[in-house]
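One structure is given here, and the rest of the page talks about it.
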C-alpha cells in the first residue's frame, strides 16, 4: 500500500504539466496584446506627445518583462517539478535552463516583480504629470502605489537575505 501511495504521489507531478502548458497560452495572449499596442503606437506616432509615446513604450516593456517572467516560471517550473526538458540535438538550449533550482527561481521571480512594479510606478508618475489633473488623481492613490512597490522591494530583499543565511548555515 505504501509503495502505491508513493508512486501515486510521485506521478501526480504530471498534473502540473497542463498548467505550464496553459502558461504558454498566456504568453500568446501577451504577444497579441503587445502587438496591439505596437500597431496602436505606429498609427499615432506622429500625433502622440512625447509623454504619451514614453508611456506606451513603458507599457511595451512591462508586457515584455511579464512575458519573460512567464517563460522563466513555465520552463523552470516544468524542469524542476515535472521532468527535464529534452529540446533535441539541433535545438538551441537556453543557458539558464537546468541550472535554476526553486530557490534561484524564487529570487528571479521576486526581482522580476520588483522590476515590473518599478515600471508600473514610473508609468503612474508620468501619467500624473502629463495627462491627469491633480484633482483627478488623489495623493492617496500615489501613496499606495509607492507603498505596494516598497513592499515588493522589501520582500525581495528579505527573501534574498534569508536564502543567503540558509545557504551559509548548510
Considering only 140, 91, 50, give the residue with the highest GNM mean-square fluctuation for the chain, with springs between Cα atoms whenever their separation is below 10 Å. 91
Candidates 94, 21, 41; GNM for the chain (alpha-carbon contacts under 10 Å) flags as most fluctuating 94
Taking R0 as 22 Å, what's the FRET efficiency between residue 5 and residue 83 from their Cβ-Cβ distance, rounded to 0.05? 0.60
Projected area of the chain, taken from the Cα convex hull and averaged over every viewing direction, in nm²? 15.4 nm²
Let's test the formula: R0 of 22 Å, r as the Cβ-Cβ distance of residue 118 and residue 50. What FRET efficiency results, to the nearest 0.05? 0.60
Of 123, 93, 33, which is the most mobile in a GNM of the chain whose springs link Cα atoms less than 10 angstrom apart? 93
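Treat the count of other C-beta atoms within 10 Å as a stand-in for reagent exposure and order 169, 104 from fewest to most.
By the 10 Å Cβ count, ascending: 169, 104.
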P(r) for segment 1-89, please, calculated from all Cα pair distances in 10 Å bins and given in %. 15, 30, 23, 16, 10, 4, 2, 0
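No value in this document is a laboratory result; all are computed from the given coordinates. Nothing here was measured: the structure is a model prediction, and the numbers come from that model. Backbone-built Cβ (ideal geometry, glycine too); neighbour counts: all protein chains shown.
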